[in-house]
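*Asks:* One structure coming up, written as structure tokens, with questions to follow.
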Amino acid sequence: MIDTVCKAAREGGRILLSHYNKIDSISINTKKANDFVTSADRASEKAIVEILKENFPGHHIMAEEDEWDNNSPSVQWIIDPLDGTNNYIHSFPVFAISIALEVEKEILLGVVYDPLRDEMFTAEKGKGAYLNGRKIETSRRDNLKHALVATGFPFKWPEYFDIYMECFSDMFKHISDMRRTGAASLDLCYTSCGRCDAYWELGLSPWDIAAGSIIAKEGGAVITDFNGEDNHIYNGKVLVANKGIHSGLLEIIKKYFSEK
């Protein structure tokens, strides 16, 4: 199964690369403020879905560019054919493809593929996390003052921006530095392999988080929502960090977002 999913991700990546840095070769539409979709997204999604349907007939598909609801079936694939669309449009070299398998509301398999770097992050429940076949794990840094933390701005939830900036300012005083890449799936994977020590964001959708969440978890990270609960996939608020600093970051976040 994992080989088939990697094949689908690579095919989606091939399509994205064929249009990358060629803005005139794609059409761009606005779904809502600051939220875009391109013809490259749709072509990548079509190729991925075709491979999955051919190999797993009967499985439901939840893909970013299709309609969906929370009344999902017991088995489904959660797909983001282009995570980091705004980056892609501007030829900013951070974007990925994200594919996850959800069974009875539990993510059991995840693949995140960065076609520019040819980096394939994979994980299956209970089997660890891998980057191009090599096992990965989180950093062991346990001092917040030394932590590099990734984040993302709540551009889809502007009503949260002021309180987000308050939390950002508070957290920044306790850590080493902050990064904002614009691709949630890669931020989760980078936490899993120790390139950053933690990542937090709100206003996310299931396809942004699903695959990266199991890769982070299987890499040894702690992943929760902003209340410390296991509801991040569907409430769009995620905090993932190595075991040494998760509680410290959660304490800061709870001051601003607890039960919001």
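*Asks:* Mind checking the dipole of the chain: about its Cα centre, +1 per Lys or Arg Cβ, -1 per Asp or Glu Cβ, Debye to the nearest 20?
*Replies:* 780 debye
*Asks:* Moving on to the next point. How far, in degrees from 0 to 90, does helix 2-19 lean away from the longest principal axis of the Cα atoms of the chain, to the nearest 10?
*Replies:* Computed tilt is about 80 degrees.
*Asks:* Sticking with this structure for a sec: How far is helix 161-172 tilted, in degrees, relative to the longest principal axis of the Cα atoms in the chain, given as a value from 0 to 90 rounded to the nearest 10?
*Replies:* For 161-172 against the chain, the angle is about 60 degrees.
*Asks:* Related question: Could you give the length gained on full extension between Ser169 and Arg14, defined as 0.36 nm per residue of separation minus the Cα-Cα distance, in nm?
*Replies:* That pair, Ser169 and Arg14, stretches by 51.9 nm at full extension.
*Asks:* Now a separate question. Taking the dipole about the Cα centre of the chain, with the C-beta of Lys and Arg at +1 and of Asp and Glu at -1, give me whichever of Ile97, Ala150, His232 is farthest to the positive side.
*Replies:* Looking along the dipole axis, the top candidate is Ala150.
*Asks:* Quote to one decimal, in nm, the extra length available between His59 and Asp230 on full extension: 0.36 nm per residue of separation minus the C-alpha distance between them.
*Replies:* 59.1 nm
*Asks:* Among the lysines, which have Cα under 20 Å from the Cα of Lys217 when same-chain residues fewer than 8 positions away are ignored?
*Replies:* By straight Cα distance, Lys217 reaches Lys105, Lys125, Lys127, Lys135, Lys237, Lys243.
*Asks:* Same structure again: Helix 39-55 against the longest principal axis of the chain: what's the angle in degrees, Cα atoms only, rounded to the nearest 10?
*Replies:* Approximately 80 degrees, to the nearest 10.
*Asks:* Based solely on its DSSP helices, what 222 nm [θ] is calculated for the chain when runs of n ≥ 4 H residues each add -39,500 (n - 2.57) and the sum is averaged over all residues, nearest 500 deg cm²/dmol?
*Replies:* -10500 deg cm²/dmol
*Asks:* Quick one: if the Förster radius is 25 Å, what FRET efficiency do Glu104 and Glu159 give, using the C-beta to C-beta distance and rounding to 0.05?
*Replies:* Taking R0 as 25 Å, the efficiency between Glu104 and Glu159 is 0.15.
*Asks:* In addition: Note down the relative contact order for the chain as a percent, whole number, built from C-alpha pairs under 8 angstrom at least six residues apart.
*Replies:* 17 percent
*Asks:* Please report the relative contact order for the range 97-136, taking Cα pairs under 8 Å with a sequence separation of at least 6, and give it as a percent rounded to a whole number.
*Replies:* That works out to 26 percent.
Every number in this text was worked out from the coordinates using simple rules, so none of it is lab data. Being a predicted model, the structure only gives us computed values, none of them experimental. Here the Cβ is made from the backbone with ideal geometry for all residues, glycine too, and neighbour counts use every protein chain on show.
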